[in-house]
Amino acid sequence: MARTTPTYTPIRNYAIGFFLSAFLLFSDINYESFSGLRGTAKAATLYVKLSSNRFLHNIGDIFSSFQESNNLIQENTNLKEEINRIKTQNSLKNIETLQRSKMLDSFKDLVDKFDNNIDIHKIASIDLKNYLCCSSHKIFLQNPQKIQIKENLPVLAGGSFIGQTSKQYLNLIEVILFSDSNHVLPVKSDVFYCNARGMGKPLLISCSPKINIKDLGSKIGDSIYTSGLGGIFIKDTKIGFISDISMDSAGELEVIITLLGNPLKENFYGIIGNLVDET
């Protein structure tokens with residue numbers, strides 16, 4: 001097996017290296033021979049340190065700017081959403097104000113008779129299931145101020161009377177519609193008077209005038225008005241028209257009346273307070 005022969009370094013090489021190092025050290029101490037190199041090294045080190053600090057500072061500024069930009073974008077988005085929300089609210093308020101104004105205009109001839117005693121309420125809900133299929137026809141009006149409302153006050157909508165106040169539940173007002181089978185309304189045409197009862201069908205009431213059909217003198221399409229009897233509804237207000245005339249199984253005349261006020265199309269209702277004496 002071959003072995004590596006140890007190399008021999010002459011001692012003079014070590015001596016030369018030692019004396020050379022000592023010479024360089026002596027020269028640097030006495031004559032500052034390498035001060036330039038040390039300065040350059042220090043300058044380079046300082047430059048690197050400053051550059052590193054500047055780089056890290058710039059990176060921090062970039063992240064801060066990015067975060068500020070994101071915050072500004074989010075604030076801008078929130079501001080736009082708030083502006084849109086306010087615009088929507090203002091638009092809805094303007095629409096409601098316009099609808100209220102139109103409603104009052106539609107009753108311009110009645111407002112003076114009621115001495116301007118009309119409270120406007122927005123619809124809250126309608127018992128739609130019963131309204132479309134059954135005999136109970138009621139709507140509920142908003143009453144956020146919880147105004148005390150008496151029972152049996154006349155209610156306006158769509159240019160005509162539509163029903164009467166029935167009950168009050170905190171911030172809601174129940175209104176019974178003319179078409180409710182339990183409601184009776186004194187009405188008249190140009191030739192007869194009768195008490196019309198709700199048929200439990202949308203927009204329909206009926207009555208049986210105590211006259212012969214030959215003497216009726218009325219025809220389909222003729223207007224029907226409030227008679228004023230009972231003292232609740234002011235007389236001569238149009239509430240509908242004759243839509244059918246027939247004889248029932250007992251031979252009694254039956255007049256079907258279609259109402260003008262449609263609760264499915266109205267958003268605002270007027271509740272009448274104390275009526276002005278007409279005498």
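Just so you know, all these numbers are worked out from the coordinates, no wet-lab data involved. Because the structure is predicted, anything quoted here is derived from the model rather than measured. All Cβ positions, glycine included, derive from the backbone under ideal geometry; neighbour counts span all protein chains shown.
Odds and ends about this structure:
- Phi to ³J(HN,Hα) by Karplus 6.51 cos²θ - 1.76 cosθ + 1.60 over region 167-173, Hz, x for Gly, Pro: 9, 9, 10, 6, 9, 10, 10
- Ranking of Tyr193, Tyr269 by count of other Cβ atoms within 10 Å, fewest first: Tyr193, Tyr269
- Shape class for region 111-272: prolate, because the ratio a/c of the largest to smallest gyration tensor axis (alpha-carbon atoms, square roots of eigenvalues) is 1.5 or more and a/b beats b/c.
- Lys, Arg +1 and Asp, Glu -1 on Cβ, resulting dipole of region 111-272 about Cα centre, debye, nearest 20: 260 debye
- Spin-label pair Glu75/Ser181, simplified geometry with 7 Å Cα→Cβ offset, distance in nm: 6.6 nm
- Taking only alpha carbon atoms, region 114-183 gives an Rg to Rh ratio of 0.96, where Rh is the Kirkwood radius.
- Neighbour-count ranking [beta-carbon atoms within 10 angstrom, fewest first] of His137, His183: His183, His137
- When you restrict to C-alpha pairs under 8 Å that are six or more residues apart and normalise by the size of region 111-272, the relative contact order lands at 24 percent.
- For the residue pairs Lys129/Lys219; Lys122/Lys238; Lys167/Lys235, the alpha carbons lie more than 29 Å apart in Lys129/Lys219.
- Lys/Arg +1, Asp/Glu -1 at C-beta; region 111-272 dipole; positive extreme among Gly251, Gln142, Ser166: Gln142
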